[in-house]
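Notes for the one structure printed next.
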Amino acid sequence: MNIRIHKAALLAGCLMLAGASALAAPATPKPAAEHGKAVKRYSIEQFMATTRISGASFSADEKRILFSSNASGIVNVYSMAVAGGEPQALTRSTTDSNYAVSYFPADDRVLFTRDQGGNEQNHLYVRELDGTEKDLTPGDKLKAIFAGWAHDDSAFYVATNERDARFHDLYRVDTKTYARSLVYKNEQGLSVSEISRDGRWIALVKTNTTADSDVYLYDTQTQQTTHITPHQGVASFEAASFTPDSKRLLLLSNEGSEFSRLVAYELASGARSEFEKADWDILFSEYSRDGRYRVTGINADASVQVRLSGPDGKPLALPKLPEGQIRGPRFSRSGKQLAFYVNGDRAPSNLFVYDLGSKQVRQLTQSLSKAIDPNDLVEARIVRFKSFDGLVIPSVYYEPKGASAKHKVPAVVLVHGGPGGQTTRGYSVLSQYLANQGYAVLGINNRGSSGYGKSFFTADDGKHGREPLWDCIEAKTWLASTGVIDPERIAIMGGSYGGYMTLAALAFRPEAFKVGVDIFGVSNWLRTLESIPPYWESFRQALYQEVGDPVKDKDFLIATSPLFHAKNIRVPLLVVQGANDPRVIKPESDEIVEAVKKNGVPVDYLVFDDEGHGFAKKKNEAEAFRRIVEFLDKHLKG
């Protein structure tokens with residue numbers, strides 16, 4: 001369990017998470033035979049009939065599995081037999097999303113979480129055996145985060161910021177009575193990360209900058225806190241997991257290297273030793289409850305690679321699976337089963353259960369809309385191009401079927417959220433819908449994106465609105481080099497920080513793109529940095545160093561905020577905003593829309609009264625994506 005908010009999530013956008021390491025050659029047109037094959041066009045309603053599912057928790061008898069699904073149009077909690085069958089809805093909200101957390105260890109009670117209209121003030125709820133619901137973290141303006149089960153099953157942990165809106169304290173909650181006791185009072189601005197199985201040790205993370213962090217150990221017996229990762233230079237330290245015997249803490253660290261590896265810290269002696277490494281960032285490593293198995297995830301060139309090791313620590317082969325990546329692996333309590341999702345470019349996440357003893361694997365869900373033939377969808381590929389200064393920029397490219405030198409298509413440069421997010425391979429409704437409607441999509445990982453090493457990650461610090469933006473401008477050159485893209489019909493689009501990049505492109509390089517689509521995007525850094533949620537306090541200074549201090553760097557932030565340069569925007573703009581967005585508040589979009597309208601250019605403004613920072617409801621997402629394609633068709637296809 002790790003509840004720390006990373007740089008990639010600071011202003012997270014609408015888009016989420018092995019490739020070649022050399023510079024990719026320009027794309028070549030597909031064979032004429034493929035161009036001659038008609039590709040069926042699908043409506044946004046058909047695309048949205050696809051189900052989005054996430055999370056996995058086994059019931060006490062390990063015969064059912066708990067997960068979240070938006071099958072009803074909004075995310076609710078469902079249970080399904082491991083043997084297969086129809087999912088059973090355990091919550092039936094029609095207004096606010098409910099996300100599954102966990103079955104109780106000895107009965108069928110369920111923990112889940114929800115906020116109010118997208119305000120991100122999540123509370124933790126229990127669904128009792130009779131179906132009634134109870135808020136375990138009542139109160140106004142608080143955010144609660146589930147932090148794991150005590151190893152003896154007598155309690156679970158929850159972190160809340162009810163005492164001090166800036167920081168999360170850690171509580172232990174009795175499984176039977178829900179009585180709670182304070183375990184760690186957070187007065188230093190540290191973030192609770194991992195808890196040892198014996199309950200003695202709590203790993204805490206201190207964010208120094210977005211690229212530099214430290215781990216502290218809190219001893220619940222002595223109530224002493226110890227800094228265990230003193231270091232020189234820029235290095236990131238995170239807590240991955242305690243070993244089952246509670247004698248070591250596995251750390252994720254990129255000290256002395258570009259990528260994060262696993263380092264073992266001995267709690268008794270303080271000795272550190274390398275535990276596991278890869279050619280890319282290790283993302284996580286978790287043990288089964290019985291300690292026999294360990295699963296590790298690696299961010300390998302915008303794809304997730306999973307390693308499974310057995311009781312002797314040696315690698316175990318994973319079962320043969322459909323094309324795609326394993327995501328969200330979770331062991332059953334006995335350690336006999338492993339639940340996970342398989343997600344591919346042309347197939348959304350489907351839930352699987354693998355029996356580690358019999359080696360049998362079972363697919364439980366079929367998420368793709370029945371109306372869609374996956375053969376009509378596009379397989380993404382990793383491409384690279386050199387930017388203005390020679391830096392190589394990796395990207396995820398979707399080329400619509402039928403594109404050719406004789407039939408050139410329009411394109412969209414799609415910018416991820418962040419700062420520091422990453423466009424990864426995997427199913428994307430928006431990218432596939434755009435490709436199906438005849439648009440090439442380049443999901444750019446401009447400098448500052450995560451996943452490509454420490455130097456690349458920090459290359460955007462203090463340079464927003466400049467070098468990272470110029471990478472997006474250079475993407476046009478690569479798109480033109482494919483021979484199948486019309487260079488005069490290229491749009492830029494993005495969510496959150498990607499929305500900022502869209503507005504920045506239109507304001508600071510107004511000649512570059514034909515149109516822009518801003519989804520929940522920042523227009524005024526001064527206001528955004530001054531209005532961030534109070535529970536971001538632990539990394540406020542890190543964010544200021546990354547983007548700018550609204551007091552010390554006021555002039556720089558005005559110079560890099562599109563709102564103050566809106567007079568330069570001369571091309572059509574579509575803005576999408578959630579009225580309840582706590583990260584990029586509605587006035588950000590109101591003011592940029594008003595300012596650009598004064599230029600006499602077309603501006604479409606789409607506000608959703610029941611959304612926050614992103615889409616929680618299918619109907620809203622469908623409407624936004626439909627309007628995006630209509631806007632692009634009008635101004636790029638005309």
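Need at least 1 residues that are buried (at least 22 other Cβ atoms within 10 Å of the Cβ) and over 18 Å from the mean Cα position of the chain (by Cα) per element, so show me which strands (runs of 3 or more DSSP E) inside the range 293-398 make the cut, counting only ones lying wholly within it.
294-300, 325-331, 337-344, 347-355, 381-386, 392-398
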* Structure fact -> Among (1) at pLDDT 95 or above; (2) outside any strand (DSSP E or B); (3) open to solvent by less than 10 Å² (accessible area, probe 1.4 Å), Gly420 falls short only on (1)
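So which of Lys476, Lys454 ends up being farther than 20 Å from Ile519 by Cα, charged (D, E, K, R) and in contact with a strand residue (DSSP E or B) (Cβ under 7 Å, 6 or more places away or on another chain)?
Lys476
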* How many of the residues in the range 507-546 are open to solvent by 30 Å² or more (accessible area, probe 1.4 Å), more than 30 Å from Lys598 (Cβ to Cβ) and among the acidic types (Asp, Glu)? -> 1
* Restricting the search to the range 66-105, which residues are more than 22 Å from Pro329 (Cβ to Cβ) and open to solvent by less than 40 Å² (accessible area, probe 1.4 Å)? -> Gly73, Ile74, Asn76, Ala89, Leu90, Thr91, Ser93, Asp96, Ser97, Asn98
* Does any residue in the range 611-623 that is open to solvent by 30 Å² or more (accessible area, probe 1.4 Å) come within less than 6 Å, Cβ to Cβ, of a residue that is among the charged types (D, E, K, R) and outside any loop (DSSP other than H, G, I, E, B) six or more places away or on a different chain, and which pairs are these? -> Phe615/Glu621
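This table checks each residue for (1) over 25 Å from Ile569 (Cα atoms); (2) assigned to a helix (DSSP H, G or I).
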{"residue": "Arg425", "(1), (2)": "yes, no"}
{"residue": "Arg447", "(1), (2)": "no, no"}
{"residue": "Tyr452", "(1), (2)": "yes, no"}
{"residue": "Gly462", "(1), (2)": "no, no"}
{"residue": "Ile473", "(1), (2)": "no, yes"}
{"residue": "Gly483", "(1), (2)": "yes, no"}
{"residue": "Arg489", "(1), (2)": "no, no"}
{"residue": "Thr502", "(1), (2)": "no, yes"}
* Structure fact -> Within the range 108-122, of all residues that are assigned to a loop (DSSP other than H, G, I, E, B) and open to solvent by less than 40 Å² (accessible area, probe 1.4 Å), the one farthest from Ala579 (Cα to Cα) is Arg109
* Failed condition for Asp460, given (1) open to solvent by less than 40 Å² (accessible area, probe 1.4 Å); (2) more than 21 Å from the chain's Cα centre (by Cα); (3) over 30 Å from Asp633 (Cα atoms), with all others met? -> (2)
* Residue that is least open to solvent (accessible area, probe 1.4 Å), among those in the range 147-191 that are in contact with a helix residue (DSSP H, G or I) (Cβ under 8 Å, 6 or more places away or on another chain) and under 20 Å from Tyr125 (Cβ atoms) -> Asn161
* Asked: Being in contact with a His (Cβ under 7 Å, 6 or more places away or on another chain), in a helix (DSSP H, G or I) and at pLDDT 95 or above, is that true of even one residue in the range 561-576?
  -> no
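The values are calculated or read from the model by the stated rules, or taken from the named source; none is laboratory data. Everything numeric here is computed off the predicted structure, so don't read it as measured data. Because the Cβ atoms are built from the backbone with ideal geometry, glycine has one as well, and the counts that use them run over all protein chains shown. Quick note on the areas: whole protein, heavy atoms, side chains included, nothing else; ligands and nucleic acids left out. Shrake-Rupley method; radii C 1.70, N 1.55, O 1.52, S 1.80 Å.
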